[in-house]
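The values are calculated or read from the model by the stated rules, or taken from the named source; none is laboratory data. What you are looking at is a predicted structure, and each value in this text was computed from that prediction instead of being measured. Backbone-built Cβ (ideal geometry, glycine too); neighbour counts: all protein chains shown. Please note that ligands, DNA and RNA were not included when accessible areas were found on the heavy atoms of the full protein model with its side chains. Shrake-Rupley method; radii C 1.70, N 1.55, O 1.52, S 1.80 Å.
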Amino acid sequence: MADQPVVRRRVVKTGISEERTNNSKVQSQYQPYKDAAWGFINHWYPALFSNELPEDHVEGIQICGIPIVLRRVDGKIYALKDQCLHRGVRLSEKPMCFDKETISCWYHGFTFNLESGLLSTIVANPNDKLVGTTGITTYPVQEVAGMIFVFVREDDFPDADVPPLSEDLPVRFPENSERFPHPLWPAAPSVLDENAVALGMHRTGFGNWRIACENGFDNAHILVHKDNTIIHAMDWVLPLGILPTADDCIATVEDEKGPKGLVQWLFTEKWAPVMENKQLGLKIENTKGRPYRTSVVLPGVLMVENWPEEHVVQYEWYVPITDDTHEYWEVLVRVCPSDADRKKFQYRFDRVYKPLALHGFNDCDLYAREAMQNFYADGTGWDDEQLVATDVSPITWRKVASRWNRGIAKPGRGVAGALKTTSLRFKDTADGLRPGYKVPKIPDEE
């Protein structure tokens, strides 16, 4: 026995380190955020681009587990709960509209007033005592810059308390230029600016909205973009990452009447770009600077100033559909005073921005978010993650969002995606239909 060699085992420290920046005390400051798997309710969200809802068209979507149907009549857009109060059928699956004032359920004929949501008649039972005594929720709508926004609210949220759209959009410039100086780039446009044009796309992401949102302004995630075509075609300097160098590297935005979120002081002395990792033999060789600044506000809206070029701003929304899907909105905004300016912007969008920035660059973000989804899917990832100094941005965001959200969406009930193992979901999967944002319509012949 004494002649046998001694087996020495290598000891590797595993488990959760006490050195992580998100200890239990820190986590207690953003518990509401951890609870918001289905999103924040009582906020403005983008619903559709204007050209997706032509005159007298009906479209169904889902936000924060709430089914919503939209109809445009004489230019005006109406939004109501897309769930018949009779037996839960989605009105948008087979649109039935007999006049300009109502929308009817195609199954049993329950008919609702577009303006009030009131049950105004039943096709084959107009004298039933239920008529005029109940209805479905309506949602305020605002259309700007080629985008349709809907205020997604709880059923009992009063009209008088609906805030202006501006309170759920990033800070505006130049009115905030003194507060948030930007000496390296011109003032970023807003969708609310006169002559603003918003061009973009939206697609379904398979992951929780919070993972997607934090990806947008996480200053370490830019590593996933190091090989993107647009970076090397433009010879842009994109660091391996950016480290905070000051306690005030982030400014919180918490004005009484205005958006709630944060602005990162990027491209100042408060953040240091990491250009090289000698241990791994990595070094950024590109030469052209591409200064930008990120900010994020409730209910989950990213703004990237000066991106992908001057006088253009990129907005991103991460609209919760369910607790494991979101609609990813990628929108570029530019002020275009003339038709010639609009055509030039559209031309550049189609041939440069969309293929190289929204697809080429942002496609990396989509698969990076999906790579994290399983870790967070059962809710334990928020407790077990081990965050570091670079993660001051998502930690600050979580705290601000926890303080200022107007409500935490309840898990969806009786809606698509509420249950993951229904026969309908298996049927759709077998038919090659992914879970999505828009409601598939029943063909006329069926």
Under a crude label model (7 Å from the Cα following the beta-carbon direction), how far is HIS108 from ARG425 in nanometres?
2.7
Kirkwood hydrodynamic radius of the chain, Cα pairs, Å
23.8
Sum of -39500 (n - 2.57) over DSSP H runs of 4+, divided by residues of the chain (222 nm, nearest 500)
-4500 deg cm²/dmol
Which entries in LYS94/LYS427; LYS100/LYS427; LYS94/LYS420; LYS100/LYS441; LYS283/LYS399; LYS76/LYS343 show an alpha-carbon gap greater than 30 Å?
LYS100/LYS427; LYS283/LYS399
Rounded to a whole %, the carbon-and-sulfur portion of the accessible area of the chain at a 1.4 Å probe is 52
In segment 282-320, GluC sites (Glu not before Pro) in a DSSP loop with at most 16 other beta-carbon atoms within 10 Å:
GLU285, GLU309, GLU310
Tell me, for the chain, which Cys residues have no other cysteine's C-beta sitting closer than 4.7 Å.
CYS64, CYS97, CYS213, CYS249, CYS336, CYS364
Please give the Cα centre distance for segment 289-321 versus segment 120-157, rounded to the nearest Å.
33
Below 8 Å, C-alpha to C-alpha, sequence gap of six or more: please give me the relative contact order for segment 314-428 in percent.
19
How big is the charge dipole of segment 166-404 about its Cα centre, in debye rounded to the nearest 20, if each Lys and Arg gets +1 on its Cβ and each Asp and Glu gets -1 on its Cβ?
660
How much area per residue is accessible in the chain when the probe is 1.4 Å and only protein heavy atoms are counted (Å²)?
49
Packing-ranked peptide list from 143-150, 317-324, 74-81, 342-349, highest mean Cβ count within 10 angstrom first, is 317-324, 143-150, 74-81, 342-349
Mind giving me the nanometre distance, one decimal, between the label points for VAL237 and ASP378, set 7 Å out from Cα along Cα→Cβ?
4.6
In a shell of Cβ-Cβ distance under 10 Å around GLU254, excluding GLU254 itself, what net charge do Lys and Arg (+1) and Asp and Glu (-1) give?
0
Percent relative contact order of segment 175-315, based on C-alpha pairs within less than 8 angstrom and at least six residues apart?
24
Dividing the alpha-carbon radius of gyration of segment 166-404 by 2.2 N^0.38 Å, where N counts its residues, gives 0.99
